[in-house]
Amino acid sequence: FHDSSVIPDGAEISSYLFRDTPKRYFFVVEEDNTPLAVTVTPCDAPLEWKLSVQELPEEASGESSGEPEPLEQQKQQITNEEGTELFSYKGNDVEYFVSSSSPSGLYQLDLLSTEKDTHFKVYATTTPESDQPYPELPYDPRIDVTSLGRTTVTLAWKPSPTASLLKQPIQYCIVINKEHNFKSLCAVEAKLSSDDAFMMAPKPGLDFSPFDFAHFGFPSDNNSGKERGFLKSSSKFGRQTPSKPRVDLHKVCIGNKNIFTVSDLKPDTQYYFDMFAVNTNTNMSTAYVGTFARTKEEAKQKTVELKDGKVTDVFIKRKGAKFLRFAPVSSHQKVTFSIHSCLDAVQIQVRRDGKLLLSQNVEGVRQFQLRGKAKAKYLIRLKGSKKGASMLKILATTRPNKQSFPSLPEDTRIKAFDKLRTCSSVTVAWLGTQERNKFCIYKREVDDNYNEEQKKREQNQCLGPDTRKKSEKVLCKYFHSQNIQKAVTTETIRGLQPGKSYLLDVYVIGHGGHSVKYQSKLVKTRKFC
């Protein structure tokens, strides 16, 4: 921070104000008809400021007026005199005083913040034509929203003449937030830092650590390189400054491009977009005219109506969700939901007239029985897997004996007996249940390099025997056992080739004709017998 009350010619200074405590700065213009430009940038709070001029005392010579001591003497001599007011302003805009011909004199800048402790920037120069430290805005300084999606907004703007004509190094920084537009980059940095809890200002003359600067909203180093890739590396919208989170505010610098797509936004949400052209040599910036836009709404979820006792196929995109509705026609005591998840686990939630009755993850075949209620309506939400797309079959019924899916044992693996392997046969076993069901076994020869990954891809449990070639069918048989411990069957598959790999599948077929596939088993015959 700038602690002297003298403003240097041609350099931007940063300083702070305590609430209701005025601050005064001086600078000298030595000759009449001198061009003059003064820019005051409020950071995060409105300021009141005025610029006035007083004549230099007669004894102040031109040679010594630039030296600090005579200037201090001049200030003391004229502190009590009121100068001629040239300009005053109240607000939080970046405001300028520009004059092509100013008289010589001692110029006085008075600043006041009545709202809160804050900081600000001041730039004064007597050579505005040659300096041009702030990037110039194009003739149309607006940001255009060129396309709008549910989670993305594409912005375009005209380049700064400082970059296109004067070939100075300019980079553009976009600021995105949900609250309001910003007038300056300085205000953005203040918001990104420790906001309303304004820290104790350091005493003049003490060294400032980067920590202090960060608290005041000034970056302690130029981290534009880090910011550039933010939206790619992070899926959530937020800040990079390691301070306590307050607002959804993000600044990303994108080099000298004139079009940018902001992604990872929330649907149906209003965002404010600000663009700043930053001169990378001076680190001074100019604000374009900010804009705002509301992202599009999420596509309304279509609700699928379930018919009593009828199986419905459901496909869910990766990480997606589907809504189903079941409104039984007749009065009912119980409702049964049967679900067959064909691939990975899916999550089911069931609400009756808005009240959550069930929330479970489902793998394979599951059945849930819920208490009924007259004229009740059930809303079912199915949420897919994070790994990939989900497929499932669902059946809702008020008739408890209407069971379309076959019952399954807890363990749906096929076991192969290694000691019973021959060059032309393998012997396998699998579990059944207490319910009499039809089981069909199929075989398919596969390459020796057939691996678990390929097997996993073929694990769609909902694909039935009707998708298989007739030549792959081994046999079908019925079995069950009242004693669940004894509900196991073995089968020897003959007519195989020596030293070959085979993929075996067992399908259990329920009364309604719906089938469920057990986990596939890879077996290999002996090469030498």
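Structural remarks
- If you go through the stretch 334-349 and keep only what is touching a residue at least 60 places away in the same chain (Cβ under 8 Å) and open to solvent by 20 Å² or more (accessible area, probe 1.4 Å), you end up with 334, 343.
- Matching option when the condition is over 22 Å from residue 526 (Cα atoms) and open to solvent by 20 Å² or more (accessible area, probe 1.4 Å), among 389, 416: 389
- Top-ranked residue in the stretch 165-209 [being touching a strand residue (DSSP E or B) at 6+ places or on another chain (Cβ under 9 Å) and open to solvent by 40 Å² or more (accessible area, probe 1.4 Å); ranked as modelled with the lowest pLDDT]: 198
- Selection within the stretch 132-162: residues that are open to solvent by 50 Å² or more (accessible area, probe 1.4 Å) and acidic (Asp, Glu). The member of this set that is farthest from residue 38 (Cα to Cα) is 144.
- Any hit, the stretch 292-309, residues being within 30 Å of residue 13 (Cβ to Cβ), assigned by the TED database to the domain that holds residue 171, touching a strand residue (DSSP E or B) at 6+ places or on another chain (Cβ under 6 Å) and open to solvent by 50 Å² or more (accessible area, probe 1.4 Å): no
- Scanning the stretch 321-332 for residues that are open to solvent by 10 Å² or more (accessible area, probe 1.4 Å) and either in contact (Cβ under 8 Å) with a residue 40 or more places away in the chain or not assigned by the TED database to the domain that holds residue 384 (or both) turns up 321, 322, 323, 325, 327, 328, 330, 331, 332.
- Residue count for the stretch 261-312 satisfying the condition of being more than 30 Å from residue 342 (Cα to Cα) and of a type in the set (Lys, Arg): 3.
- Verdict on residue 125 being touching a residue at least 12 places away in the same chain (Cβ under 8 Å), open to solvent by less than 30 Å² (accessible area, probe 1.4 Å), more than 21 Å from residue 188 (Cβ to Cβ) and touching a Leu at 6+ places or on another chain (Cβ under 9 Å): yes
- Pairs where the first residue, in the stretch 350-372, is open to solvent by 90 Å² or more (accessible area, probe 1.4 Å) and the second is of a type in the set (Asp, Glu), C-beta under 8 Å, 6+ apart: 363/344
The values are calculated or read from the model by the stated rules, or taken from the named source; none is laboratory data. Source: prediction; values computed, not measured. In this analysis, Cβ positions are derived from the backbone assuming ideal geometry, glycine residues included, and neighbour counts consider all displayed protein chains. These area figures cover heavy atoms from the full protein model, side chains too; ligands, DNA and RNA do not enter into them. Shrake-Rupley method; radii C 1.70, N 1.55, O 1.52, S 1.80 Å.
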